[in-house]
Amino acid sequence: MSEEALSGQEDFHCICHEFARVTEAAALAAGRWMGKGDGAAAEDAARVAMHKAFRHVPIEGTIVVGEGEDPEVSPLAVGRMVGVGGRSCDLALIALEGANIVARGQAGAISALVAGAPNSIMRAPDMYMQKIVVGAPIVGKVDIEAPVEDTVQVIAEALGVKASEVTLIVLDRPRHDDLVATLRRAGARIKLIPDGDVMAGIAAAVRGTGDHAYIGIGGAPEGIMTAAAMRCLGGEIVAKLWPLSRREIERARTFGIDDIERCMRTDDMVRGHLVLSATGVTNGDVLKGVHYQPGGARTQTMLMCTKCRQIRYVDTVHDLKEPANEVGFWRIT
Ligand code: VTB
């Protein structure tokens, strides 16, 4: 199947909008769990809703980055097929990025998925990945092997600001204590986040958020999702897998990754035309979360499509009244 298959170049009828419904469904389900202290339940709800929503999408989608690695156990696991049939595509998905964020009612949880032509998305085991994510003005300038002090300097120069004016997002984890100390010595401003490094990367690449880069060690699946976002946004991820054991190195080999030390850039992780849909679950700097209103809910989705060459903010009011009215009455608040 050619790369055109996803968007059907012949008549240029792109189906990217279909994917927004899928992340919206997952976000609507997860949003109900905000602040309830149960991240696992929020995640389960998002997964069930996402899986159900795929029943209406005209694709033959193969999950290459998914929810778990055992297709027997999880319906959204790597290797499972979703969709009602149609165009063949690869999918990378995270039904709920930031389960603990939802559990605590904090900022920045999303539901996200990426679709591309077959073999356009890297298969990677569920392990850690060291990443630096930057926006367009800094593309090609950062190096994952460079000392972080130098990285801060490079970012500052590319943006035309002082090192003390650069804002970096870092996952709040003990493994980042040294990194944070070094960044502080370099003078940078730091935003520590509890979870959600896909959204952190997007925030760094989108203008107007005040965030300039995401740096640190997070999940590899999230890294691949971020690579897709960077392709759509014109930013860049530089990354390296971060195995914790010999077993993980061997597992990576079964995914065809022989050189675990390899430095990767965006194009090593994703290629060709891509669609990325991300819907806010809790309010964040880039996306609003699910808001409830009489008889329904409102969601905000960022739908990026390289084929359509569009980034759309899809603001959707969902009629959730039961039973559904034949003629809807809308009060958009
Ligand atoms: C990050 C973060 C995710 O996993 O990738 C993180 O962005 C990495 O794992 O939201 P640890 O939690 O072990 O640090 C998540 O937190 C999802 O679990």
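Structure notes:
- Among the numbered conditions (1) within 16 Å of the ligand (Cβ to nearest atom); (2) more than 15 Å from the chain's Cα centre (by Cα); (3) part of a loop (DSSP other than H, G, I, E, B), the only one that Arg262 does not meet is (1).
- Residues satisfying the stated conditions in the range 62-82, i.e. of a type in the set (A, V, I, L, M, F, W, C) and not in a loop (DSSP other than H, G, I, E, B): Ile63, Val64, Val65, Met81, Val82
- Restricting Val198, Val206 to those that are outside the structural domain of Asp90 (by TED's automatic domain parsing) and away from the ligand (no atom under 16 Å from the Cβ) reduces the list to Val206.
- Taken as a whole, the structure places Ile217 among residues that are within 15 Å of the ligand (Cβ to nearest atom) and among the hydrophobic types (A, V, I, L, M, F, W, C).
- Hey, Ala227 more than 16 Å from the ligand (Cβ to nearest atom), within 19 Å of Gln130 (Cβ to Cβ) and open to solvent by less than 50 Å² (accessible area, probe 1.4 Å) or not: no
- Against the conditions (1) touching a Phe, Trp or Tyr at 6+ places or on another chain (Cβ under 6 Å); (2) outside any loop (DSSP other than H, G, I, E, B), Glu18 satisfies every one except (1).
- The helices (runs of 4 or more DSSP H) found wholly in the range 83-185 and carrying at least 2 residues that are more than 14 Å from the ligand (Cβ to nearest atom) occupy 148-159, 177-185.
- Single match in Arg262, Arg251, Arg271 (criterion: in contact with a Pro (Cβ under 7 Å, 6 or more places away or on another chain) and more than 19 Å from Glu18 (Cβ to Cβ)): Arg251
- Condition broken by Ala107, with the remaining ones in (1) crowded, with 24+ Cβ neighbours inside 10 Å; (2) in contact (Cβ under 8 Å) with a residue 40 or more places away in the chain satisfied: (1)
- Answer from Ala278, Ala203 - the residue that is out of contact with any His (no Cβ under 9 Å at 6 or more places or on another chain), outside any helix (DSSP H, G or I), closer than 30 Å to His17 by Cβ and aliphatic (A, V, I, L, M): Ala278
- Any hit, the range 214-222, residues being over 22 Å from Ser88 (Cβ atoms), among the charged types (D, E, K, R) and not assigned by TED's automatic domain parsing to the domain that holds Ala26: yes
- Glu236 satisfies every condition listed in (1) closer than 16 Å to Met264 by Cβ; (2) away from the ligand (no atom under 14 Å from the Cβ); (3) open to solvent by 10 Å² or more (accessible area, probe 1.4 Å); (4) touching an Asp or Glu at 6+ places or on another chain (Cβ under 8 Å) except (4).
The values are calculated or read from the model by the stated rules, or taken from the named source; none is laboratory data. In this text, all values refer to a predicted model and were calculated from it rather than measured experimentally. Every residue, glycine among them, receives a Cβ derived from its backbone with ideal geometry; neighbour counts consider all protein chains shown. Surface accessibility is based on the protein's heavy atoms, side chains included, excluding ligands, DNA and RNA. Shrake-Rupley method; radii C 1.70, N 1.55, O 1.52, S 1.80 Å.
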